[in-house]
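Engineer: What follows is a single structure, and I will ask about it in a moment.
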Amino acid sequence: MIGLISATAAGAAARDRLAAAWPDRVRVYDGPVGDGVRRAFAECEQLVCFLAAGAVVRLVAPLLGDKAADPGVVCVDEAGRFAVPLVGGHGGGANELAREIGELLGAEPVVTTATDAVGIPGLDTLGLPVEGDVAGVSRALLDGEPVALRAEVNWPLPPLRTGPEGAYTLRVTDRLTEPARHEAVLRPPTLVVGVGASAGVPVDEVLALVGDALAEAGLSAASVAELATVDAKSAEPGLVGAAARLGVPLVTHPAPALAAVAVPNPSDAPLAAVGTPSVAEAAALAGGGELLVPKRKSRRADGRPAMATCAVVRRPGRGRLAVVGLGPGARDLLTPRAKAELRRASVLVGLDQYVDQIRDLLRPGTRVLESGLGAEEERARTAVEEARGGRAVALIGSGDAGVYAMASPALAEASDDIDVIGVPGVTAALAAAAVLGAPLGHDHVSISLSDLHTPWEVIERRVRAAAEADLVVTFYNPRSRGRDWQLPGALAVLAGHRAPATPVGVVRNVSRPDESVRLTTLEALDPATVDMMTVVTVGNTATRDIAGRMVTPRGYRWQEGAR
Ligand code: SAH
């Protein structure tokens with residue numbers, strides 16, 4: 001329970017917002033503030049005081065006892081601008097609570113414990129099941145105490161500041177184990193359970209079979225990644241229900257694919273029924289890996305024939321490649337998902353100037369592999385190789401990393417033995433459009449004028465097609481010192497199909513501190529004002545300059561009528 005204490009009307013208003021948002025978590029202490037704090041301190045796990053920090057310090061000081069047992073105390077100022085964890089930042093959860101309050105009230109969490117400021121992850125934020133002394137090991141990591149890492153399976157982890165030994169241990173395993181004192185156990189999703197079933201198999205029969213197989217092999221159900229079977233069983237209620245109860249997907253494979261998998265225990269029955277000599281073992285082994293539990297059958301209390309089979313495989317560790325778009329520059333145009341992926345990675349690969357854009361977000365211990373302009377292929381190869389080594393890698397690019405950027409060279413290198421996660425970013429074209437007005441209101445294209453990798457004839461043909469199709473065009477890589485004739489050439493092609501007064505937006509360094517925006521026309525544009533930090537957006541025949549904004553109508557009839 002979180003105790004809420006306030007003194008003034010403004011404080012009470014903020015308090016009521018928390019109370020409304022978290023009805024089941026909070027208790028309001030009315031009446032004299034001193035009494036409220038003392039009662040809440042005795043009764044609650046956490047306190048939020050809408051009071052001056054000094055007042056809270058004086059009230060709480062005489063009550064403080066043991067760091068491990070005292071409640072966490074967060075102080076929020078009258079105006080609701082700051083949420084300050086005063087005591088119990090880690091043990092009492094006050095740092096986390098201050099962050100939650102910050103989200104809710106729009107307040108800045110003022111976290112003063114050093115280790116949180118450097119951003120080492122709590123174990124519960126990794127997206128993996130975790131057991132044992134989670135709080136203790138997280139705190140030890142945060143406090144910089146030595147934590148031994150015992151990884152029994154290879155899994156791409158974010159950078160954790162672990163050491164060779166210490167009172168605390170972090171184990172990464174799919175084995176059934178009672179966590180020791182001061183030990184936390186991370187459960188990576190390494191196990192694939194192949195299942196075969198006769199029509200009408202009860203959910204409980206499948207669950208009992210899978211549970212026994214895992215338990216007897218000493219494996220943890222928390223590490224099961226998926227149930228796998230043959231396509232023909234994709235809607236079998238017993239399997240669908242068992243997967244749902246286990247909280248994992250039911251993945252299915254075509255019978256011919258399963259028939260091609262070499263298995264130790266093939267048999268004739270499934271061959272006749274579904275067209276493959278093995279379902280459980282073959283489905284479990286379909287993605288490769290080590291067979292830990294060969295095919296076994298369910299046991300039925302009524303002595304009738306078994307209706308389910310299962311087999312368990314440990315998948316080989318898979319590296320993780322996140323391809324992350326950073327947006328055009330401004331920090332608030334970097335998506336929260338991109339930020340999370342940057343902090344999830346233990347290896348970061350990118351162009352040095354993009355690395356500089358986000359260096360402060362990286363977790364300590366992140367290995368940064370930065371390179372200069374032009375080393376695209378090498379960067380792509382490095383990122384993929386690092387991921388193949390089983391690591392968590394982030395490959396970054398400005399704007400969207402798939403647009404004239406690293407995603408395609410990287411994925412051209414990558415085989416299916418790594419997981420790839422794409423995080424979209426705000427492109428330069430979109431950011432520029434937003435400051436220009438609404439130039440992309442109807443069909444549009446982007447065309448790069450860089451003829452380093454594309455012959456000019458191809459580029460020109462595309463510009464001509466865009467001109468003929470009356471598409472709004474955004475030019476990327478429009479002009480550099482060595483490439484000065486391409487932009488005038490492309491504009492001349494467009495001018496063959498559009499009026500001289502067609503609006504053209506020229507946006508340089510969009511969303512960066514030296515952003516500049518100009519709205520001009522096809523005939524008035526001076527190419528010399530354009531460089532490689534710029535995108536140029538040329539309107540179609542309907543685009544207008546309206547009140548200084550570039551607007552391309554959507555072509556609705558009611559809009560046509562209004563003109
Ligand atoms: N992946 C990027 C594009 C990289 S190509 C994206 O999705 O936006 C590099 C070109 O993008 C530059 O030559 C320039 O034309 C454009 N560009 C990138 N960032 C920009 C910015 N902040 N302002 C204007 N143009 C930008």
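The values are calculated or read from the model by the stated rules, or taken from the named source; none is laboratory data. On a predicted model such as this, the values are computed, not experimentally measured, just so you know. With ideal geometry, Cβ positions are generated from the backbone for all residues, glycine too; neighbour counts draw on all protein chains shown. Quick note on the areas: whole protein, heavy atoms, side chains included, nothing else; ligands and nucleic acids left out. Shrake-Rupley method; radii C 1.70, N 1.55, O 1.52, S 1.80 Å.
Engineer: Quick one: accessible area per residue over the chain, 1.4 Å probe, rounded to a whole number of Å²? Intermediate results must be reported in sequence, preceding the final value.
Structural biologist: Values: 25880 Å² over 563 residues.
For the chain, the solvent-accessible area averages 46 Å² per residue.
Engineer: Distance between the C-alpha centers of region 527-552 and region 367-388? Whole Å please.
Structural biologist: For region 527-552 versus region 367-388, the Cα centre distance is 35 Å.
Engineer: Would you list Arg245, Arg544 from the most to the least accessible area, probe 1.4 Å?
Structural biologist: Details: Arg245 155, Arg544 105 Å².
So, going from the largest accessible area down, we get Arg245, Arg544.
Engineer: At a probe radius of 1.4 Å, what is the per-residue accessible area of Cys44, in Å² to the nearest 10?
Structural biologist: Approximately 10 Å² of Cys44 is accessible to the 1.4 Å probe.
Engineer: Return, ordered by residue number, the residues of region 276-313 whose backbone nitrogen is under 12 Å from a label point located 7 Å along Cα→Cβ of Asp212.
Structural biologist: Label zone hits: 296-304, 306-310.
Engineer: Under 16 Å from the Cα of Lys297, which aspartates and glutamates turn up, not counting those fewer than eight places away in the same chain?
Structural biologist: List returned: Asp204, Glu205, Asp212, Glu216, Asp268, Glu281.
Engineer: Taking the Cα centre of the chain as the origin and placing charges on Cβ (Lys, Arg +1; Asp, Glu -1), which of Ile546, Gly166, Leu176 is farthest toward the positive end of the dipole?
Structural biologist: Working it through, the farthest residue towards the positive pole turns out to be Ile546.
Engineer: Run through all the Cα pairs of region 123-186 and give the fraction in each 10 Å bin from 0, expressed as whole percent.
Structural biologist: P(r) over region 123-186, rounded to whole percents: 24, 63, 13.
Engineer: Sorting check: for 332-339, 207-214, 425-432, which peptide has the highest mean count of neighbouring beta carbons within 10 Å, and how do the rest follow? Let's see the in-between values first.
Structural biologist: Values: 332-339: 15.9, 207-214: 20.0, 425-432: 24.5.
Top of the packing list down: 425-432, 207-214, 332-339.
Engineer: So, one more: With a 1.4 Å probe and all protein chains left in place, how much of the accessible area of the chain comes from carbon and sulfur atoms, in whole percent?
Structural biologist: Values: 13730 of 25880 Å².
Answer for the chain is 53 percent, counting heavy atoms of protein chains only.
Engineer: Here's another thing I want to ask about it. Which value at 222 nm does the chain reach when only helices count, each DSSP H run of 4 or more adding -39,500 (n - 2.57), with the total divided by all residues and rounded to the nearest 500 deg cm²/dmol?
Structural biologist: Numbers: 19 runs with 174 residues, N = 563.
Per the formula, -9000 deg cm²/dmol.
Engineer: Same structure again: Under unit Cβ charges (Lys, Arg +1; Asp, Glu -1), what dipole magnitude, rounded to 20 debye, does the chain have relative to its Cα centre? Could you put the intermediate results ahead of the total?
Structural biologist: Working: 56 positive and 66 negative charges, 90 e Å.
That gives a dipole near 440 debye.
Engineer: Taking 2.2 N^0.38 Å as the expected size of a compact globular protein, what ratio does the Cα radius of gyration of region 38-155 give against it, to two decimals?
Structural biologist: Details: Rg = 15.8 Å, N = 118, 2.2 N^0.38 = 13.5 Å.
Scaled against compact globular proteins, the figure is 1.17.
Engineer: Right, something else. Under the rule a/c < 1.5 gives rounded, and otherwise a/b versus b/c splits prolate from oblate, where does region 319-426 land using the Cα gyration tensor?
Structural biologist: Numbers: a/c = 1.41, a/b = 1.26, b/c = 1.12.
It comes out rounded by the Cα gyration axes.
Engineer: Amide H of Leu47: which non-local residues (sequence gap of 5 or more, or other chain) have their own amide H closer than 5 Å, using H built in the peptide plane?
Structural biologist: For Leu47, whose amide H was placed from the backbone, the distant partners under 5 Å are Gly3, Gly72, Val73, Val74.
Engineer: Which ³J(HN,Hα) values, rounded to whole Hz and listed in residue order, are derived for region 403-418 from phi using the Karplus coefficients 6.51, -1.76 and 1.60 in 6.51 cos²θ - 1.76 cosθ + 1.60 with θ = phi - 60°, glycine and proline given as x?
Structural biologist: Karplus-based 3J(HN,Hα) across region 403-418 equals 9, 6, 8, 7, 4, 5, x, 5, 6, 5, 7, 7, 9, 7, 8, 10 Hz.
Engineer: With a 1.4 Å probe and all protein chains kept in place, how much accessible area does Arg320 have, in Å² rounded to the nearest 10?
Structural biologist: Accessible area of Arg320: about 50 Å².
Engineer: Here is a further query. Decide, for the chain, between rounded, prolate and oblate: order the square roots of the alpha carbon gyration tensor eigenvalues as a ≥ b ≥ c, take rounded if a/c falls under 1.5, and otherwise choose prolate if a/b is larger than b/c, else oblate.
Structural biologist: On the way: a/c = 2.07, a/b = 1.19, b/c = 1.74.
It is oblate, given that a/c is not under 1.5 and a/b is not larger than b/c.
Engineer: Next question, about the same structure. Where Lys and Arg each count +1 and Asp and Glu each count -1, what net charge lies around Arg483 among other residues with Cβ under 11 Å from its Cβ?
Structural biologist: Details: positive: Arg479, Arg481; negative: Asp451, Asp484, Asp531.
Charge balance near Arg483 sits at -1.
Engineer: Which chymotrypsin sites (Phe, Trp or Tyr not before Pro) in region 425-519 sit in a loop by DSSP (not H, G, I, E or B) and have at most 16 other Cβ atoms within 10 Å of their own Cβ? Numbers along the way, then the final one.
Structural biologist: Numbers: sites: Trp456, Phe475, Tyr476, Trp485; in loops: Trp485.
Qualifying residues, ordered by number: Trp485.
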